[in-house]
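Written out below as structure tokens is the structure these notes cover.
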Amino acid sequence: MSRSELLIVTILIVLLRTVSLPAQSQLTWAGDLEGGAPFVEADPNDPNKLTGFDVEIAELIARGLKRTPHFLFVPYASIDQAIERGTAEIGLSGMEDTPARRASMATTIPYYAFREVLAVRDADVNRFRGLADLRGRRVGTLGGTIAYEILLQGEGRYGLHAVSYDDDVHPYSDLLLGRVDGVLLDNVLAERRRKNMAGITVQPQAVATSHYVGVLAPPNAPLRDSIDEILRGAMADGRLETIFRKWGVWNDDQPALYANLIARKAVPAVSVSGSNELIGVSTMSRREATLRYLPSLVKAAGVTLILSCLSMAIAVALGVLIASGRVYGTGLIRLALTGYVELMRGTPVLLQLFVIYYGLAAVVKLPAFLAALAGLALNYAAYESEIYRGALEAIPLGQLEAARTLGLTERQVLRLVRGPQAFRIALAPMTNDFVALLKDSSLVSVLTVVELTKQTQIFATNLGSWVIPGSLCAAMYLLMSLPLGALARRLEERWKAPTT
Amino acid sequence: MEGADDMSAILDVRELHLRRGERTILAGATFTVARGGVAALMGPSGSGKTTILRAIAGLERFDRGTIDIEGVRLQGGIRPDSALLKRLRRQVGLVFQFHHLFDHLSALRNITLAPTHVLGVPMTAAESRARELLASLGVEHRASALPRELSGGEAQRVAIARALAVDPPMLMMDEPTASLDPSRRNELGELLARLAGQNRTILLSTHDDDFARRWATTILRMEGGVVV
């Protein structure tokens with residue numbers, strides 16, 4: 001081997017070591033910082049440090065594996081996917097022990113037992129004791145959870161309306177605002193909110209019980225088995241108890257769970273009070289599951305279509321007014337409209353939706369669908385107005401002067417000559433925006449509106465796979481957007497032909 | 001020319017001044033146009049011919065001077081209000097050098113637009129009048145064509161029909177011969193003579209000496225922003 005070859009080999013070895021060594025000595029675990037205390041949160045005193053019982057459990061497991069824990073931020077709803085593709089080895093973030101997760105992932109033994117509990121406003125304590133009392137009422141929870149699945153079953157059984165949220169704070173704030181009449185979530189989340197918000201009572205009776213588990217990818221089953229032994233050891237010697245006591249969530253449910261697990265008895269994923277019905281659809285065949293979810297997907301696609309069409313119609317009308325104001329208006333009007341357009345284009349539509357629904361709730365309590373409609377329409381109006389302004393300014397001055405010399409008023413010139421020609425120019429970019437809006441409408445799920453993407457996510461969570469729900473979802477979006485493009489092309493062709 | 005007292009004058013332009021920055025466009029242009037007949041405004045490019053036509057049509061502001069046409073007065077430095085412009089445009093029509101037909105409308109709809117929306121003529125009446133105009137100009141077969149499907153000569157005739165549809169006593173044309181070959185120029189000359197015979201006054205700008213000498217009843221020469 002020559003000197004240069006030796007050098008290359010040495011460099012390769014060093015490179016390989018730097019790449020592979022940390023991976024073996026580290027345990028990369030995924031969690032959602034938005035979940036907050038007591039699960040995982042940034043230390044208020046030092047935001048670079050993490051605290052929470054899931055952080056301590058990750059440390060406990062890593063120590064048992066003789067590795068160092070390495071945290072990776074993954075949004076709660078995507079943790080399973082992140083684990084499956086190998087971004088992290090284990091997900092620890094109050095992950096629920098669902099039949100779907102047990103079937104599609106390598107889950108650890110449960111490390112904490114929780115109860116699904118109903119929270120109501122103080123005034124309704126005697127009125128709404130359980131889900132059966134909430135006929136015709138809206139009940140909120142976190143989407144993609146066991147609680148949501150229970151509420152969906154409750155729609156059929158008790159006639160309530162399930163409302164899905166993307167976080168666990170807004171269900172409770174909306175409970176106080178009267179947008180929902182109950183919130184079903186686990187006791188850890190409910191207790192945390194009850195302490196921070198006045199006016200909420202948690203009903204003592206558990207609606208269901210389940211557990212938190214660690215989630216690993218199926219090929220990592222051997223690693224999962226070692227982790228199970230580490231957890232059993234920590235159950236037996238009281239280390240888990242110490243952690244949960246420290247975070248104030250230790251209760252009598254845990255010793256019973258731990259005793260069963262140490263004795264290696266099987267523990268059911270979920271038990272619903274007064275029901276033998278299974279939660280989740282993973283026990284069905286894919287075909288059955290698809291058939292069960294298809295109607296709700298079609299319904300959600302309808303929500304997407306109606307929301308998109310209505311908000312586009314409003315955006316077009318507003319856009320025309322804004323563009324006309326910017327082309328014809330006085331200095332002050334132009335300045336105000338330019339400010340509006342820049343504000344709406346320059347800030348994320350997600351933020352605007354949040355402000356309209358949650359931020360303005362103290363002033364005007366818009367229903368979720370109206371807030372979504374307003375948010376999308378106001379945002380897209382800014383984009384549409386820019387298209388129309390450009391199109392209006394593209395009409396040659398000669399056309400306008402010819403109309404003026406014939407005696408048409410400025411208003412008639414706009415309506416009969418400038419507007420119709422500008423509209424033909426604007427058609428292609430408008431179609432483009434409508435297709436974009438169709439997909440942007442998925443953002444309104446943060447306002448509890450269940451549209452196509454959200455429904456797909458719920459379906460996928462319950463099924464434990466994105467393949468079928470994702471394909472169906474894509475097909476439905478295409479079914480909606482392709483005819484739009486065809487319609488626009490037909491209009492363009494018709495305008496090319498003589499009008500008489 | 002002394003036209004203020006001439007009762008047969010349809011147009012009286014006095015002391016028109018216009019400066020744009022350092023450039024003097026009009027430097028006191030004064031002339032009258034007698035009722036009936038074809039008046040040709042001649043002069044080299046940049047002498048202010050088009051600017052004067054645009055000023056008379058109410059499209060161009062001017063600094064000083066007056067324009068009187070059938071009891072309507074435009075005054076230099078004063079922005080005409082919409083009522084005045086409305087009256088002005090009942091008196092005078094303009095056919096642009098590049099026609100400026102409405103691109104989104106057929107030839108027929110180009111012609112019916114103003115009668116129906118400005119004069120309130122019912123669509124059926126406006127349509128039959130438009131077809132008459134197209135026929136008299138020899139382009140009735142192009143009624144349903146879009147402007148971009150018309151030849152230069154056809155577009156000009158449609159533009160003339162469009163201006164005539166609101167029946168102004170005076171019709172102005174900016175460089176009407178510029179895009180026509182010699183045989184077409186004679187056809188245009190005959191057409192203008194016929195229109196002038198129908199109690200209409202034609203004022204056109206051109207730098208085509210032969211055309212002006214053969215068809216114009218009055219020739220006005222412009223140079224350096226004045227009529228000499």
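Remarks
- Other protein chain C-beta atoms within 10 Å of residue C-beta, averaged over A:404-415: 6.
- Charge tally for A:Gln26 (other residues, Cβ to Cβ under 13 Å; Lys, Arg +1; Asp, Glu -1): +1.
- Euclidean distance between Cα centres, the range A:23-88 to the range A:404-483, Å: 38 Å
- Shielding of peptide A:394-402 by partners, expressed as the average count of other chain Cβ atoms within 10 Å per residue Cβ, is 5.
- Computed over the range B:100-228, the P(r) tail beyond 20 angstrom holds 47 percent of alpha carbon pairs.
- The range B:28-137 shape via C-alpha gyration tensor axes, a/c threshold 1.5: prolate
- Normalising the average separation of contacting C-alpha pairs (under 8 angstrom, six or more residues apart) by the number of residues puts the relative contact order of chain A at 15 percent.
- GNM top mover of B:Gln97, B:Gln156, B:Gln198 - chain B, alpha-carbon springs below 10 Å: B:Gln198
- Measuring spread by the Cα atoms of the range A:373-500 yields a radius of gyration and Dmax of 20.4, 69 Å.
- Hull volume in cubic angstrom per residue (convex hull over the Cα atoms of the range A:434-500): 85 Å³
- Inverting the pair-averaged 1/r between distinct Cα atoms of chain B gives 18.0 Å as its Kirkwood hydrodynamic radius.
- Coarse-grained scattering of the range A:135-266 at q = 0.13 Å⁻¹, given as base-10 log I(q)/I(0) from a Debye sum over alpha-carbon atoms: -0.71
- Computed over all pairs of different Cα atoms, the Kirkwood value for the hydrodynamic radius of the range A:113-212 is 12.9 Å.
- A viscosity of 1.567 mPa s and a temperature of 4 °C, combined with the Kirkwood radius over C-alpha pairs in the Stokes-Einstein formula, give the range A:286-496 a diffusion coefficient of 68 µm²/s.
- Pairs of alpha carbons in the range A:193-345 whose separation is greater than 24 Å (percent): 67 percent
- Of all complete DSSP H helices in chain A, those with a Cα span along the helix axis of 27 Å or greater and a mean Kyte-Doolittle hydropathy of 0.5 or more are A:3-25, A:286-328, A:368-394, A:467-496.
- A cut-off under 10 angstrom between Cβ atoms defines the neighbours of A:Ala206, and their net charge, with Lys, Arg +1 and Asp, Glu -1, is -2.
- In chain B, helices alone account for a calculated mean residue ellipticity at 222 nm of -10500 deg cm²/dmol, with every DSSP H run of four or more residues adding -39,500 (n - 2.57).
- Rounded to the nearest 500, the helix-only mean residue ellipticity at 222 nm of chain A stands at -18000 deg cm²/dmol, with each DSSP H run of n ≥ 4 adding -39,500 (n - 2.57).
- Value of Rg to Rh for the range A:402-454, rounded to two decimals, is 1.36; Kirkwood radius and Rg both from alpha-carbon coordinates.
- Relative exposure of A:Ile468, B:Ile78, judged by other C-beta atoms within 10 Å (fewest first): B:Ile78, A:Ile468
- Equivalent-ellipsoid semi-axes for the range A:294-405 (Cα gyration tensor, √(5λ), whole Å, largest first): 33, 19, 10.
- Exposure proxy ranking, count of Cβ atoms within 10 Å, fewest first, for A:Ser324, B:Ser144: B:Ser144, A:Ser324
- Hull volume in cubic angstrom per residue (convex hull over the Cα atoms of chain A): 252 Å³
- Projected-area mean, the range B:19-78, by convex hull of Cα positions, square nanometres: 4.6 nm²
- Chain B: DSSP helices with Cα axial extent of at least 15 Å and average Kyte-Doolittle hydropathy no lower than -0.5: B:107-118, B:123-136, B:152-164
- Using only Cα coordinates, the Kirkwood hydrodynamic radius of the range B:127-193 works out to 12.4 Å.
- Ranked by how many other Cβ atoms sit within 10 Å of their own Cβ, fewest first, the residues A:Thr338, A:Thr304, A:Thr51 fall in the order A:Thr338, A:Thr51, A:Thr304.
Just so you know, all these numbers are worked out from the coordinates, no wet-lab data involved. Note that this is a predicted model, so its numbers are computed, not measured. Note that we place each Cβ from the backbone using ideal geometry, even for glycine, and neighbour counts take in every protein chain shown.
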